[in-house]
Amino acid sequence: MNAKEFIHRQLGTTGWAPINHDLAVLLCPEVINEHRDFMADQRNPEALLRVFPRTALCYARISSFGEVPVLYRNPLALAERISCIVGGTVEINDQAEKPRVSIRQAISPSTHDTIALRHANVVTLEPPRPCAQCGRMSAEQTCLAALAGEIENAPTDYRPDVSWPRRCLAFKPPHGSYDERTGAELWPELDAVVSLDVEEESLTGRAVALLAGLLKDGPRDAAVIRSASEGIGIGERTMQRAAEKLGVIKTKSGFSGGWVWQMPEAETT
């Protein structure tokens, strides 16, 4: 079953469908194709509105999956069904420019790998991935990144829980993978969060540190910045104040694109 078949089935039976391969497999084990269909749809979910008429689009923030595009036909049914699956309280804001579903739930770890649980509450646009999909695992199932000292507090002979999804900056796909993005490219929000100065007491100061970390390597989509800030409890107004302090330049990406933020020096180079 491919992505389009799964979405058609879900809309017909439950009235909503997540655009995420791992969540699709959880809901429907018959989904057996590779991730590429879902990855393509997740990058441009608005196009699915033309494929599946009388549907709306929102973004569900779900623990262990990140922010997932969701097609739905009835917002009340969507909230009810998602809450049953994830075991949490669901709130829908369909008045925002980018409608969102907020899922409030407690994480119940089912792994003894404490390193795998690191940053589990950080919200990212890209879902986590298990070590089984990483090209830096040895034949003995030890982590080569840990051996190289790239994973903080991990022993050099670290043997991870390869099935547990995680967000790891040392992640690298196997050679020849259809998705060649590294951990830093998949989860830029994580890079900014781990680089925050823990001594910073002011909320605005933390926001400034977060924003500076996100933009140090160049422009970022406003959606990425919003996910990173909300993931550590910093609201939109605080991020706007941080942007003013840093002199951040905000530009529209095309006629129908989103907003892009960048540091002022990046605009002049």
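With the requirement that a residue be acidic (Asp, Glu) and within 22 Å of the chain's Cα centre (by Cα), what does the range 1-41 give you? Result: 22, 34, 37, 41.
Restricting attention to the range 11-30, and to residues there that are at pLDDT below 80 and crowded, with 21+ Cβ neighbours inside 10 Å, which single residue is nearest to residue 70 (Cα to Cα)? Per the criteria, the residue is 16. When the range 229-263 is examined, which residues are found to be surrounded by fewer than 16 Cβ atoms within 10 Å (Cβ to Cβ), under 30 Å from residue 118 (Cα atoms) and small (Gly, Ala, Ser)? Answer for the range 229-263, where residues must be surrounded by fewer than 16 Cβ atoms within 10 Å (Cβ to Cβ), under 30 Å from residue 118 (Cα atoms) and small (Gly, Ala, Ser): 233, 235.
Taken over the range 107-163, the criterion of being among the charged types (D, E, K, R), surrounded by fewer than 15 Cβ atoms within 10 Å (Cβ to Cβ) and at pLDDT 90 or above is satisfied by 140, 157.
Pairing residues of the range 29-49 that are in the same structural domain as residue 133 (by TED's automatic domain parsing) with residues that are in a helix (DSSP H, G or I) and not aliphatic (A, V, I, L, M), at Cβ distances under 9 Å and at least 6 apart in sequence or on separate chains, gives no pairs at all.
Against the test of being more than 22 Å from residue 44 (Cα to Cα) and modelled with pLDDT of 90 or more, the options 262, 240 yield a single qualifying residue, 262.
The values are calculated or read from the model by the stated rules, or taken from the named source; none is laboratory data. All values reported here derive from a predicted model rather than from experimental measurement. Virtual Cβ from ideal backbone geometry, glycine too; neighbours counted across all protein chains shown.
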